[in-house]
Structures are given as C-alpha cells and as structure tokens.
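Enquirer: My structure is below; once you've seen it, I'll send some questions.
The values are calculated or read from the model by the stated rules, or taken from the named source; none is laboratory data. If you're wondering where the values come from, they're calculated on a predicted model, not measured in any experiment. Note that each Cβ is placed from the backbone with ideal geometry, even for glycine, and that neighbours are counted across all protein chains shown. For the accessible areas, the whole protein counts, side chains as well, though only heavy atoms, and no ligand, DNA or RNA atoms are used. Shrake-Rupley method; radii C 1.70, N 1.55, O 1.52, S 1.80 Å.
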Amino acid sequence: VGSSGGDVVLYGGVSDSNEYLSDLWQLSNGVWQSLPNGEVTPGPRGGHSLVWIPGTSKLVLFGGARYKGRWELFDDLWVVHLKKVYAYEEDLKEYIKQLRA
C-alpha cells in the first residue's frame, strides 16, 4: 500500500482463494479504480512493501513472496508508475548503494 494526499494505491496481494495477484488499484475520492499495468510487472506476490516517492506519481515496490508448492522470496526493487510499471532493479540498487556510501 502506498499513499499520497488522499489517494491510496495497492499492488498485488492474496485473494480469498489464496491466489497471488499482480493487479494495480487506486483509491481516489472514495472510488476504487483498476490501473493498467505495463508489459513488464513485478509479478504476483504478497507481503511486499510499497511506498510513494514524495512529489511524484511514482511508487517503489520492494520484495514480497508467493507460495507455489514452495516459498519464493523476492528481494527485487521496482519503480511503479501509475500508468505503467517499469523495472529499474539494477539501476535502483546501484543508486541505493551510492546513498549508503
């Protein structure tokens, strides 16, 4: 869940039937709207973190997991645009390494 102003954005999660999801939703002014995903998405998952980048229409998604006969754990980073989803995994990891140095 990421939020900015009065809006909330959800990505993925787990359905009532234990299916892992990869859809993107936005709550704005009390109305839920399904947002289009790009051609490349982080994929179905739950238990991930999603935070809004202040002053932008972008969010950062980190990690999560899913169970498909065995647990798959993710340590990937994605930049989520509200219109499309793009992967900047390696670039973002390098940027974070530079910030920590």
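Enquirer: Restricting to the stretch 31-46, name every residue that is open to solvent by less than 40 Å² (accessible area, probe 1.4 Å) and assigned to a strand (DSSP E or B).
Expert: Within the stretch 31-46, Leu35, Gly46 meet the criteria.
Enquirer: Got at least one residue in the stretch 78-89 being among the aromatic types (Phe, Trp, Tyr), at pLDDT 80 or above and either part of a strand (DSSP E or B) or open to solvent by less than 30 Å² (accessible area, probe 1.4 Å) (or both)?
Expert: Yes.
Enquirer: Give the residue, chosen from Ser28, Ser57, Ser17, Ser49, that is open to solvent by less than 80 Å² (accessible area, probe 1.4 Å) and farther than 23 Å from Ile96 by Cβ.
Expert: Ser28
Enquirer: Is it the case, given these coordinates, that Leu73 is open to solvent by 40 Å² or more (accessible area, probe 1.4 Å), at pLDDT 90 or above and in contact with an Asp or Glu (Cβ under 9 Å, 6 or more places away or on another chain)?
Expert: no
Enquirer: Taking the stretch 2-30, which residues are in a strand (DSSP E or B) and acidic (Asp, Glu)?
Expert: Of everything in the stretch 2-30, those that are in a strand (DSSP E or B) and acidic (Asp, Glu) turn out to be Asp7, Asp23.
Enquirer: Would you please list the contacts, defined by Cβ atoms under 6 Å and residues six or more apart or on different chains, that run from a residue in the stretch 55-74 that is closer than 19 Å to Leu24 by Cβ to a residue that is open to solvent by 80 Å² or more (accessible area, probe 1.4 Å) and acidic (Asp, Glu)?
Expert: That search, which allows pairs on different chains as well, returns Gly63/Asp75.
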